[in-house]
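Reading through the structure tokens given below for one structure.
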Amino acid sequence: MTSALMPTYARAAQSFARGEGAWLIDRDGRRFLDFAAGIAVCALGHAHPRLVEALTEQAGRLWHCSNLFEVPEQEAVAARLVAASFADVVFFGNSGAEANECAIKLARRHHAMAGRPERWRILAFEGSFHGRTLGTLAAAGNPKNLLGFGPPVSGFDQVAFGDLAAAAARIGPETAAILVEPIQGDGGIRVPPPGYLQGLRDLADRHGILLMFDEIQTGIGRTGRMFAYQQAGVVPDVMALAKGLGGGFPVGACLATARAAAGMTAGSHASTFGGNLLAMSVAAAVLDTVGTTDFLAEVERRGARLAAGLDELVARHGAVFEARRGTGLMQGLRCRGDQPGMVARLRAHGLIVAPAQDNVIRLLPPLIVGPAEIDAALAMLDRAAATG
Ligand SMILES: *Cc1c(COP(=O)(O)O)cnc(C)c1O
């Protein structure tokens, strides 16, 4: 079939007409359990009444108003994020890549405006993913994603993820910040060794540089805590959010301490759509829902149920699945055989999952997923593994 879209995606021959909670329904009425959730985006599942109400209510009032004016709805969401985290200030963009771009610019500007313009390089990690802009591609340094786009943006150094000595050795007089995913998502749900993030915090403190967490995938309840940094007990200076924050509506945010963000003065950064009122209405409803102790405790319980079931699957189908890794409702299964084949086979059994690097399939259900739905997904995985 010819398409008017640029063929940048290897799309599955499958489309959906609507969604209900953790379920996607295709045009023929077939139901699929959605354990990809738009790649960790639909935090409250599909068509959540609270989000639908928030969005439609705002849609009848005002959609967009430029950042030439005060936007109280932005102030309100920023205040919620600040109250829920280490941060003092927030910049809103529209995507994960933009949230990271803000973090990168903030780090360079932090040092430049304090009389240290020579500190402009960012230390990042092999296997990471930070987005598809020229800057964030250079940060991740994945050769496959950089191919054919000319010389990468300069100023990024990558070292092996999980190797503290390698990170220590790579920090120099030009280093401005460390940019790291607390758990690598696209890289294959790679959890760093215990103490690693604290080690990076210590390195940042010792060298007077910023520690920046890309929590675009791990943030907003995914790990059973509001943010993965809270689970790790390591507080960054800067944090990028997107994905779950809008529950499916495009929004990104860069959070920072006032000290880290000191260089971000008027005129230093901007976004036409950033902090759009529709996005803010949904983000406020997401934060109100996810940000309660009860909700997060439930995510933790559901995550433990999923993890235990996956561990059983790995034990039963050792020839198909090599290992489980992850935390909360951010789980990965490393496949021994053909991972794309497994993703397709699972879909045939009625389960949607997301592929990742390192031969891993990601299980990222909406945070509202119920225990019966987790059990149903595990049964589908069991059948798909048993049928080869
Ligand atoms: C998805 C993702 C991004 C990029 O987000 P976009 O909205 O696609 O730009 C960046 N970092 C991490 C960790 C992600 O998971």
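Cβ-Cβ distances below 8 Å connect the following pairs, each with a first residue in the range 14-39 that is free of Cβ contacts under 8 Å to residues at least 40 places away in the same chain, a second residue that is open to solvent by 50 Å² or more (accessible area, probe 1.4 Å) and of a type in the set (G, A, S), and a separation of six or more residues or different chains: R18/A47; G19/A47; E20/A47; I25/A17; D26/S15; D26/A17; R27/S15; R27/A17. Among the residues making up the range 204-225, those that are more than 20 Å from T293 (Cα to Cα), open to solvent by less than 10 Å² (accessible area, probe 1.4 Å) and away from the ligand (no atom under 13 Å from the Cβ) are A204, I209, L210, L211. Against the criterion of being under 24 Å from L287 (Cα atoms) and touching a residue at least 24 places away in the same chain (Cβ under 8 Å), V52 does not qualify.
When A242 is tested against the conditions (1) closer than 12 Å to N94 by Cα; (2) within 16 Å of the ligand (Cβ to nearest atom); (3) open to solvent by 10 Å² or more (accessible area, probe 1.4 Å), the lone failure is (3). Within the set A376, A356, A386, the sole residue that is touching a residue at least 60 places away in the same chain (Cβ under 8 Å), out of contact with any Cys (no Cβ under 6 Å at 6 or more places or on another chain) and under 14 Å from A36 (Cα atoms) turns out to be A356.
Would you be able to say whether some residue in the range 226-233 is under 22 Å from G328 (Cβ atoms), within 18 Å of the chain's Cα centre (by Cα) and within 12 Å of the ligand (Cβ to nearest atom)? Within the range 226-233, one or more residues are under 22 Å from G328 (Cβ atoms), within 18 Å of the chain's Cα centre (by Cα) and within 12 Å of the ligand (Cβ to nearest atom).
The values are calculated or read from the model by the stated rules, or taken from the named source; none is laboratory data. Please read all numbers here as calculations on a predicted model, not as lab measurements. Cβ coordinates were reconstructed from backbone atoms using ideal geometry, including for glycine residues, and neighbour counts include every protein chain displayed. Protein only, heavy atoms only, side chains kept; ligands, DNA and RNA dropped before computing areas. Shrake-Rupley method; radii C 1.70, N 1.55, O 1.52, S 1.80 Å.
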